[in-house]
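Below is one structure, written out as structure tokens; the observations come after it.
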């Protein structure tokens, strides 16, 4: 019997459906390569992911597919995330250009002069919430407001991981709640529910979660800032910035350009790169940089040498080249997801879990934990949303649950989990742009834990779990794999 792969008939007539044991064994091969390579030989994760992807190819071919079929599974998945890679590269150019143009130094200078150290974390959270709500993009928020606030936080002496936690919490709040967000629209569409009703239903988990985040970051601000950077250190930083850059209004122009383009709903990566080019112009016309130096900065990054170590580390960095290792990680992780999905192995792994579902409560609890597992396997929240949406929506119909319950879980357990895994699209992006490892900021990413906790509370108690408006009882459709989506960028 032919396997359906990524929503299409198998390309090899002799291909057979993998069993659970075969699929689980294949995944264990990947896990063994990653663990042995990283723990035993300290190998780079990019190399290990590439080896793992290659190791999956003969396992796919044993099911009856040709090498060309396996190659197409991987390449089709990779093609679906090329837009995200363009954003990653554009942000690298933007960070370098904004450093040379004085944009990041001006923001750091302003932040150190105006912001109260005790209120820095909740202020950062609020700014990222407003930016992501108004633009609908978590990645755009992290790559602009997030980069600037990271520099301010370092100047105040905050751990980078703590600042990154506040940034990611705020950015993904807007990613879940903004009507302009690709993921919000996608999840509502997958559950076949109205966008406005989806957002309204989502407030029951998301608003309490972000409110508690405000409380936690405020407490952290008052307990951490006492040991944060001293006034003398802050004065030294601002003095070094004033000596190295012109910090007037022209330095803020690149930010206005990016925010204006995003608010006008222009595509993300051209808007971000337009901000990089604007930064380059400001660097040449306002900071006095040469055109050749600026072009080099866009690709190689910016290096500042003031003699003040803190300032040099705050401002130096960026460039397209700085994102290449992240791009490689992203490509190989998504390529593996394509092989697992296209061959039917991912569906074989998931199907046994669906047999456990015998009640609405079990269905929702299973959904809450299945979706992040798919984010981890597929390396993308949109992949997880499409896969779980196609598998679970018929079951929500069967048990008479309003599909808004599913769309809410896709946000709480899917969208919010995108920056949790080091190999997922969000994890790669945040680590590359903010310069902090995923596992470092994860303990401060309170928003995802709280969102899932409230979602689980409602699932278990049945509170705020509306029933379907149409009669229930129809048998669910046969679960099937869905096509890999063109992943939205936050």
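Since every read-out is calculated from the coordinates, none of them should be taken as a lab result. This is a predicted model, so every value here is computed, not measured. Note that we place each Cβ from the backbone using ideal geometry, even for glycine, and neighbour counts take in every protein chain shown.
What spacing in nm lies between the two simple spin-label points modelled at residue 292 and residue 305, each 7 Å away from Cα in the Cβ direction? Roughly 1.7 nm, to one decimal. How high is the FRET efficiency between residue 203 and residue 351 when r is their beta carbon distance and R₀ equals 41 Å, given to the nearest 0.05? Result of the calculation: an efficiency of 0.80. To the nearest ten degrees, helix 231-244 and the longest principal axis of the Cα atoms of the chain are 80 degrees apart. The label-point distance for residue 359 and residue 321, in a model that sets each label 7 Å from Cα toward Cβ, rounds to 6.1 nm. Computed from Cα atoms, the angle from the helix 20-35 axis to the main principal axis of the chain rounds to 20 degrees. With neighbours defined as other Cβ atoms within 10 Å of a residue's Cβ, the residues 169, 128 order from fewest to most as 128, 169. One chain, two ends: residue 467 and residue 437. Fully extended at 0.36 nm per residue, the span grows by 6.7 nm beyond their Cα-Cα distance.
Ordered by the count of other Cβ atoms within 10 Å of each Cβ, fewest first, 423, 98, 204, 356 give 356, 204, 423, 98. The stretch 80-133 and the stretch 136-215 have their alpha-carbon centroids 14 Å apart. What does a probe at residue 243 reach in the stretch 287-316, counting residues whose amide N is under 12 Å from the point 7 Å along Cα→Cβ? Correct set: 305-309, 311-312.
Counting only helical runs of four or more DSSP H residues, what would the 222 nm mean residue ellipticity of the chain come to if each run contributes -39,500 (n - 2.57) and the total is spread over all its residues?
Numbers: 24 runs with 327 residues, N = 490.
One gets -21500 deg cm²/dmol as the mean residue ellipticity at 222 nm.
Taking 0.36 nm per residue of sequence separation and removing the Cα-Cα distance, the residue 212/residue 42 pair yields an extension gain of 57.3 nm. Using the Cβ-Cβ distance between residue 266 and residue 453 with R0 set to 30 Å, the FRET efficiency from 1/(1 + (r/R0)^6) comes to roughly 0.25. Only Cα pairs under 8 Å and 6+ residues apart enter the sum, and on that basis the relative contact order of the stretch 24-95 stands at 22 percent.
Rank the residues 134, 116, 26 as a footprinting-exposure proxy: fewest other Cβ atoms within 10 Å of their Cβ go first. Don't jump to the answer; show the numbers that get you there.
On the way: 134 15, 116 11, 26 23.
Going from sparsest to densest Cβ surroundings: 116, 134, 26.
Using every alpha carbon pair in the chain, what percent of pairs falls into each 10 Å bin from 0 up to the bin containing the largest distance? Distribution as computed: 4, 20, 28, 25, 15, 7, 2, 0 percent.
Mean separation of Cα pairs under 8 Å and 6 or more residues apart, divided by the residue count, gives the chain a relative contact order of 26 percent. Between 0 and 90 degrees, the angle of helix 253-263 with respect to the longest Cα principal axis of the chain falls at about 30 degrees. Length gained on full extension, residue 28 to residue 369: 120.8 nm, using 0.36 nm per residue less the C-alpha separation.
With each label modelled as a point 7 angstrom along the Cα→C-beta vector, the residue 51-residue 130 pair spans 4.9 nm. Summary value for the stretch 330-401: 33 percent relative contact order, contacts being C-alpha pairs under 8 angstrom separated by 6+ residues.
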